[in-house]
1. Checking the structure you have, find out if any residue of the range 324-333 is more than 15 Å from residue 187 (Cβ to Cβ) and small (Gly, Ala, Ser).
2. Tell me which helices (runs of 4 or more DSSP H) are completely within the range 28-113 and hold 2 or more residues being surrounded by 21 or more Cβ atoms within 10 Å (Cβ to Cβ), on the phi < 0 side of the Ramachandran plot and in contact with a strand residue (DSSP E or B) (Cβ under 8 Å, 6 or more places away or on another chain), or say none if there are none.
3. Check whether at least one residue in the range 117-126 is over 30 Å from residue 236 (Cα atoms), buried (at least 18 other Cβ atoms within 10 Å of the Cβ), aliphatic (A, V, I, L, M) and in contact (Cβ under 8 Å) with a residue 40 or more places away in the chain, and report yes or no.
4. Quick one: how many residues across the range 328-353 are loosely packed, with under 13 Cβ neighbours inside 10 Å and not in a loop (DSSP other than H, G, I, E, B)?
5. Could we say that residue 146 is outside any loop (DSSP other than H, G, I, E, B), without any contact (Cβ under 8 Å) to a residue 24 or more places away in the chain and not aromatic (Phe, Trp, Tyr) here?
6. Does residue 401 count as in contact (Cβ under 8 Å) with a residue 60 or more places away in the chain, of a type in the set (A, V, I, L, M, F, W, C), surrounded by 15 or more Cβ atoms within 10 Å (Cβ to Cβ) and in contact with a His (Cβ under 6 Å, 6 or more places away or on another chain)?
7. Based on this model, can you work out whether residue 381 counts as closer than 19 Å to residue 119 by Cβ, at pLDDT 95 or above and in contact with a helix residue (DSSP H, G or I) (Cβ under 8 Å, 6 or more places away or on another chain)?
Amino acid sequence: MTAREWNLDTAREWNLDAVVGPTHNYAGLSPGNLASHRSAGRRSNPRAAALQGLEKMARLHALGVPQLTLPPQPRPDLAWLRRLGFTGDDAQVVARAHRESPSLLAAAYSASSMWTANAATVVPSSDSADGRLHLVPANLTSERHRALEAPWTARVLRAVFPDPERFAHHAPVPLAGDEGAANHMRLCHRHADPGLAVFVYGRPEGAAGQPGDTATSPVRYPARQTEAASRAVARLAGLDASRALFLRQAPQAIDAGVFHNDVIATSDRDLLVLHEDALADQGRALDRIRRAFEHRCGGELRILEVPREALPIDRAVATYLFNCQIVETAKGETVWIGPAECRKDDATASLLEQWTGGAGPFDAVQFVDLHESMRNGGGPACLRLRVVLTEAERAAIRSGVRFDDDLHGRLARVVEQHYRDRLDPADLADPALVGESRRAFEAVLEALALEELLVGRA
């Protein structure tokens, strides 16, 4: 049987979520992420954050949406702090880092890997040249606390997707500015069909990426995703040139707090949902998408463009209307799942009412409580990585990471036992937090049957 023949079976989209780590905190480390900036210095609740994430997974599982689960990153990253010259035993390293550079200590403790949309870009086997599913871990070089994640992410993905005949693993792109699937959309008719990959970047070739670099650059916040990195990911994944589009994010959107495309746009099969101010020269960009979709996929692409008069961009960013999950349930219904904040906002609530039932694209709307994640700028879409899998590919995945009621219960017990229910920025200096975090991390790995990852970890 050839690789191409594997694609003849029915493919489905799976959601891959990470367990929120025990060091979830509000350090305000992300310029351009307005929620993160506003929450800086506040008390967080790691236990609630993790339980909210698990409850979201359970909600989707109950709807018949298949789920995979990743562990958090091992934190704090003391090996990184030691490479920066902080010496001594663990307690001494933490104490000195807290005294000399609290921001570095906060980076070492960051639980930002919870936003799995940034973990990697995934190209399904139906789209790749060799008929394998390709995974390209994001380098996340735009932010130092996130750049720490790539090596561990690559290890975990190799463990979860182990079969080299079906899964192709790549090293992170050795170019600045790859933020993963948060800037990637896949359009198709059915998940099993060949699709069109849309890569959205903020920094074009030749631009340095700092605010005000060019007349068309954002002036307040840096552009994170680079065009060069996006094109490299497409090449690595074996995407034919005609099967990928590269579009620029609107600079004014970046300055409004749209640090990733998934804050202002999303897609589900042949449906594209976006704000009027999402893309540079949006009218021309949408024409390109329509033509490419018709050429590569056949048929018409449905585009739902929200005008700024109906929803100003600042409200879109505040509510995370577009940072939703659009899923197909076991009953064949299309359901929009978004943060509870959308229900409290008149403009977004009105739009959702228009979109539901009748001529709207959704059969139902559901809300999830992700308060802890939202205060750091991460909604439902941030918390998941979309992976299209065939039956053969599903059979080759590590069974321990498949989410079900039993795994939900085991992970919830770990969280209840090991996670703190409050964490202030000053608590990062507590040497006891190091041991607590390690024990929690090891317990999560055990629940996922991924204990071998403990060997040789940083």
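1. yes
2. By residue number, 46-62.
3. No; the residues of the range 117-126 include none that is over 30 Å from residue 236 (Cα atoms), buried (at least 18 other Cβ atoms within 10 Å of the Cβ), aliphatic (A, V, I, L, M) and in contact (Cβ under 8 Å) with a residue 40 or more places away in the chain.
4. 4
5. No.
6. The answer is no for residue 401.
7. Spelling it out, residue 381 is indeed closer than 19 Å to residue 119 by Cβ, at pLDDT 95 or above and in contact with a helix residue (DSSP H, G or I) (Cβ under 8 Å, 6 or more places away or on another chain).
For (1) farther than 24 Å from residue 325 by Cα; (2) polar (S, T, N, Q); (3) out of contact with any Pro (no Cβ under 7 Å at 6 or more places or on another chain); (4) surrounded by fewer than 19 Cβ atoms within 10 Å (Cβ to Cβ), each residue gets a yes or a no:
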| residue | (1), (2), (3), (4) |
| --- | --- |
| 216 | yes, yes, no, yes |
| 265 | no, no, yes, no |
| 278 | no, no, yes, no |
| 291 | yes, no, yes, yes |
| 301 | no, no, yes, no |
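The values are calculated or read from the model by the stated rules, or taken from the named source; none is laboratory data. Nothing here was measured: the structure is a model prediction, and the numbers come from that model. All Cβ positions, even for glycine, are placed from backbone atoms using ideal geometry, and neighbour counts span all protein chains on display.
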